[in-house]
Amino acid sequence: MKQKERRLNARGFDFMTLGLIFVLVIFGLAAMTNALADPSSSDMTLGSKLASLNLQRPLMQLAWFAVGLVAVVVISLADYQVFADYVRIAYAVLLFVLVLLLFVAEDSRGVKGWFYIGSVGLQPSEFGKIVLILAVAKSCSKAMDQNDGRLKGAKAILLPVVLTAVPVILIAQQPDWGTAFVYICILVGMMFAARMSWKVMGSVVLAAVIGLPLAYYFLMTPEQQARILGYLNPGSDSLNTTYHADNALEIISSGGAFGKGFLAEGTLSQMGYLPESHTDYIFASFVEMAGFVGGIVLIAVYFALLIRTLYISVKARDNFGMLICVGVTSMMFAHVFENIGMIIGIMPVTGIPLPFVSYGGSNMLSSMIAYGFVINVWMRRQQKRKYSLAPTG
């Protein structure tokens, strides 16, 4: 029986999704290597260009990707419904760690969001997104199983809202509004997929809109308030909070249609125009290297990955699996939209990575874990349901 299960897993493994992720990782490694290299000049030989490379971070990123691959395989071994049994414990640990961060974490770029083990930083809120997806999926799917596939009732609706609100408030205290925004997007996407009534959905959106001014005045730091004002009214940006975003647009435009190429002369990303050319602003670095066409290709790969994830959600054997996939889709969309949006000027500047492309171990590993669950759902789409989250008595 175990051999039969292993053969089924091998045949059913989702290599298409993993292939799209692999393409994104390759794009990120190329852009990262190019941005971190010493500036090139026309008289440099191929050997001297290779010697100018700073491969420490690209190799570290590749190592995190390898660890992520192991995580994907491990997660795919057990039926994803098994993980629902441990959601409460994981959620309690998440809250404990988020509270602990506020007291013991080192300040990094104005945010208390990382634990450091030597020179390696871990961001718990990144892994918390996975916990939130599982917690909301369990809560909503249980209610859907009891109510003909719809999320109905005050208790059923309020529980996922509370599950999301608590970590959002703690993350906002770090303060990390970019990650808090992703958590909210996860909730909205999953509750929409849970077929919550439009009236209730409208009430939730209205409450969020009303809460934005309150968050601005009572929770945001002066620097974050200045970023919002700079985004809404660039003419009033006395603190020049959009300086890096403006430079990012200049770097993008310098790439032209087809880019300057890999390790090309006059690459602005290599000259310190952006302080985070390999992390938050890596999209600008990639477009400078690969051009407008390359940027469109990168966005198209993300689009294909999102469509693939939604397709898997439709094929899921139960509501729990469907909601996991929708949660991962919402998480990915929020990251991509927010990161690229801040660079091209349609979103305020926030420090948030581009999944699988930006340098960062926590985001790489958490994104791989998320897609480990998506692949798990795909592998068991045709199997009979073994577990039920709804009470039977």
Completion exercise
Filtering the stretch 135-156 down to residues that are assigned to a helix (DSSP H, G or I) and buried (at least 22 other Cβ atoms within 10 Å of the Cβ) yields Ala135, Val136, Ala137, Lys138, Ser139, Cys140, Ser141, Ala143, Met144
Exercise for the section: Just give me the residues in the stretch 315-352 being of a type in the set (A, V, I, L, M), part of a loop (DSSP other than H, G, I, E, B) and more than 30 Å from Ala78 (Cα to Cα), in sequence order. Expected result: Ile346, Met347, Val349, Ile352
Handout entry: Qualifying positions in the stretch 79-90 - of a type in the set (A, V, I, L, M, F, W, C) and free of Cβ contacts under 8 Å to residues at least 24 places away in the same chain
Key = Ile89
Fill in the blank from the handout: Selection over the stretch 275-299 where residues are buried (at least 24 other Cβ atoms within 10 Å of the Cβ) and not in a helix (DSSP H, G or I) yields a count of 4
Problem - Per-region count, the stretch 51-90, residues outside any helix (DSSP H, G or I) and either touching a strand residue (DSSP E or B) at 6+ places or on another chain (Cβ under 6 Å) or aromatic (Phe, Trp, Tyr) (or both) - result: 0
Exercise for the section: Look at the stretch 241-267 and say how many of its residues are of a type in the set (A, V, I, L, M, F, W, C) and either surrounded by fewer than 20 Cβ atoms within 10 Å (Cβ to Cβ) or under 18 Å from Leu53 (Cβ atoms) (or both). Expected result: 6
Handout entry: the stretch 119-134 - residue that is surrounded by fewer than 18 Cβ atoms within 10 Å (Cβ to Cβ) and aliphatic (A, V, I, L, M) and, of those, farthest from Val93 (Cα to Cα)
Key = Val120
Exercise for the section: Please state which one of Leu29, Leu94, Leu59, Leu100 is surrounded by fewer than 16 Cβ atoms within 10 Å (Cβ to Cβ) and either farther than 27 Å from Trp177 by Cβ or at pLDDT 95 or above (or both). Expected result: Leu59
Fill in the blank from the handout: Of the residues in the stretch 63-81, those that are closer than 26 Å to Leu163 by Cβ and surrounded by 12 or more Cβ atoms within 10 Å (Cβ to Cβ) come to Gly68, Ala71, Val72, Ile75, Ser76, Asp79, Tyr80, Gln81
Problem - the stretch 320-346, residues that are closer than 24 Å to Arg195 by Cα, out of contact with any Gly (no Cβ under 7 Å at 6 or more places or on another chain) and touching a residue at least 60 places away in the same chain (Cβ under 8 Å) - result: Phe320, Gly321, Met322, Leu323, Ile324, Val328, Met331, Phe333, Ala334, His335
Problem - Considering residues of the stretch 282-339 that are small (Gly, Ala, Ser) and out of contact with any Leu (no Cβ under 9 Å at 6 or more places or on another chain) only, the residue nearest to Gly351 (Cα to Cα) - result: Ala334
Handout entry: Flag if Thr164 is in a helix (DSSP H, G or I), at negative phi, free of Cβ contacts under 8 Å to residues at least 60 places away in the same chain and among the polar types (S, T, N, Q)
Key = yes
Exercise for the section: Take Ile352 and decide whether it is aliphatic (A, V, I, L, M) and surrounded by fewer than 19 Cβ atoms within 10 Å (Cβ to Cβ). Expected result: no
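The values are calculated or read from the model by the stated rules, or taken from the named source; none is laboratory data. Please read all numbers here as calculations on a predicted model, not as lab measurements. Neighbour counts are summed over all protein chains in view; Cβ atoms, including those assigned to glycine, are modelled from backbone coordinates with ideal geometry.
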